[in-house]
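Asks: Can you read through this structure? Questions will come right after.
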Amino acid sequence: MVQIGLDIGGTKIVGAVFAPNGEKQAQRTQPTPSSYEDFLSACRTLSRELAEETKMTGPLGVCFPGGIDYQAGTAEVANIPYLNGKLVLRDLEKSLEREVRFQNDANCIALAESHDGAGQGARSVLGITLSTGVGSGYIVDGKVINGANGLAGEIGHLPLPFREPEDGPVVDCFCGQKGCIEKSICGGALSRLYAFMTGRQAKPEEIAALASTGDSGARAVLDRYYEVVAKAMIAALHSFDPEVIVVTGGLSNLSALFDEVPKRWGKYCVVKNPKTRFLKAAHGPLASLRGASLLWKEGM
């Protein structure tokens, strides 16, 4: 049976159909509308077009970039406020005339990487999106672990352990605390660290480019950044002890990230030689869609 997923984003909604082996058979995109009724209509149009193109029948998987109350069937999406508090699951099923399952997008990314990506074959996989924010999801034996409040695997709002003054400015987060992991290792954190250490301003991609040309200041900043990421991963190791940590997002393109972080985390871990593998995600920008399409796979 083919598998279909919808990825709901702040600017666009993407739908795709995958064969059981993961091969993409079709993909369509709609701009994210400005109202709830138009949102339901856009999802209906996408699913209808994909069904006509691929003769797809059956249920859908949908992923959202935010918090989900899985019992109530509602979502809290900061950049799509008209979804907040709505019975999205019920309304999608009614509008699309299909059964629907939904998940947080970080959970879907982790699911895709666990199923046929970088974490394939591992019993436990923590998937982390390292970009403008930090999202994460936890997979055990091929199944998403949500927890009682939908927070299982979410390390972004744990405090950064082993913080030192050299780790950069401590800033406020929308979660209500200062210096959480998200605000310590996201893209903005790397830029703040660069300004803190050099007195200059630069975006993450500019810092990486400078380091690649031998710029000593940029290299020193990345060296410290890898140390901070290693500390952050200790929260993941001590909380979930996954076999594999898979990282996606723009900062996963830092060339030395996957060599440097595991070299450093042993000094902070109660186990001095952790066996956890630290890997770059395999699915790239299709990961959340692929994960959404797997939500109806047997046993999920």
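The values are calculated or read from the model by the stated rules, or taken from the named source; none is laboratory data. Bear in mind that the values here come from a model prediction, so they are computed numbers and not experimental data. Reconstructed Cβ throughout: ideal geometry from the backbone, glycine too, with neighbour counts over all protein chains shown.
Asks: Got a sec? Which strands (runs of 3 or more DSSP E) wholly within the range 22-132 have at least 2 residues that are under 19 Å from the mean Cα position of the chain (by Cα) and assigned by TED's automatic domain parsing to the domain that holds PRO242?
Replies: Where strands (runs of 3 or more DSSP E) fall fully within the range 22-132 and carry at least 2 residues being under 19 Å from the mean Cα position of the chain (by Cα) and assigned by TED's automatic domain parsing to the domain that holds PRO242, they are 124-130.
Asks: Something else: Condition first: among the basic types (Lys, Arg) and either touching a helix residue (DSSP H, G or I) at 6+ places or on another chain (Cβ under 6 Å) or assigned to a helix (DSSP H, G or I) (or both). Now tell me which residues in the range 256-282 satisfy that.
Replies: LYS263, ARG264, LYS280
Listed here are the residues, each with its yes/no results for (1) loosely packed, with under 14 Cβ neighbours inside 10 Å; (2) at pLDDT 90 or above.
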residue	(1), (2)
THR11	yes, yes
ASN21	yes, no
ALA26	no, yes
GLN30	no, yes
PHE39	no, yes
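Asks: Kindly evaluate LYS94 against the criterion of being farther than 18 Å from ALA292 by Cβ and either out of contact with any strand residue (DSSP E or B) (no Cβ under 9 Å at 6 or more places or on another chain) or loosely packed, with under 15 Cβ neighbours inside 10 Å (or both).
Replies: yes
Asks: Right, another one. Among the residues of the range 241-255, count how many are within 16 Å of GLN120 (Cα to Cα) and part of a loop (DSSP other than H, G, I, E, B).
Replies: Counting residues in the range 241-255 that are within 16 Å of GLN120 (Cα to Cα) and part of a loop (DSSP other than H, G, I, E, B) gives 2.
Asks: Which condition does ALA51 not pass, out of (1) surrounded by fewer than 22 Cβ atoms within 10 Å (Cβ to Cβ); (2) among the hydrophobic types (A, V, I, L, M, F, W, C); (3) modelled with pLDDT of 90 or more, if it passes all the others?
Replies: Result: ALA51 fails condition (3) only.
Asks: Can you tell me which of SER95, SER136 is among the polar types (S, T, N, Q) and within 24 Å of LEU46 (Cβ to Cβ)?
Replies: Every option except SER95 fails the conditions.
Asks: Return the pairs, sorted by first residue and then second, in which the second residue is crowded, with 18+ Cβ neighbours inside 10 Å and part of a helix (DSSP H, G or I), the first residue lies in the range 188-211 and is at negative phi and of a type in the set (S, T, N, Q), the beta carbons are less than 7 Å apart, and the residues are 6+ apart or on different chains.
Replies: Hits for this filter: SER191/PRO204; THR198/VAL221.
Asks: Just checking, how many residues over the range 114-148 are touching a Ser or Thr at 6+ places or on another chain (Cβ under 8 Å), surrounded by 24 or more Cβ atoms within 10 Å (Cβ to Cβ) and closer than 23 Å to GLU23 by Cβ?
Replies: 3
Asks: Hey, among VAL62, VAL77, VAL88, which residue is more than 18 Å from ILE4 (Cβ to Cβ), buried (at least 18 other Cβ atoms within 10 Å of the Cβ) and either of a type in the set (A, V, I, L, M, F, W, C) or in contact with a His (Cβ under 7 Å, 6 or more places away or on another chain) (or both)?
Replies: The conditions single out VAL77.
Asks: Follow-up question, since we're still on this one. For the range 149-166, state whether one or more residues are out of contact with any strand residue (DSSP E or B) (no Cβ under 8 Å at 6 or more places or on another chain), among the hydrophobic types (A, V, I, L, M, F, W, C) and crowded, with 23+ Cβ neighbours inside 10 Å.
Replies: Among the residues of the range 149-166, not one is out of contact with any strand residue (DSSP E or B) (no Cβ under 8 Å at 6 or more places or on another chain), among the hydrophobic types (A, V, I, L, M, F, W, C) and crowded, with 23+ Cβ neighbours inside 10 Å, which makes the answer no.
Asks: Please find, within the range 180-214, the residue that is surrounded by the most Cβ atoms within 10 Å (Cβ to Cβ) out of those that are polar (S, T, N, Q) and assigned to a helix (DSSP H, G or I).
Replies: Filtering first and then ranking leaves SER184.
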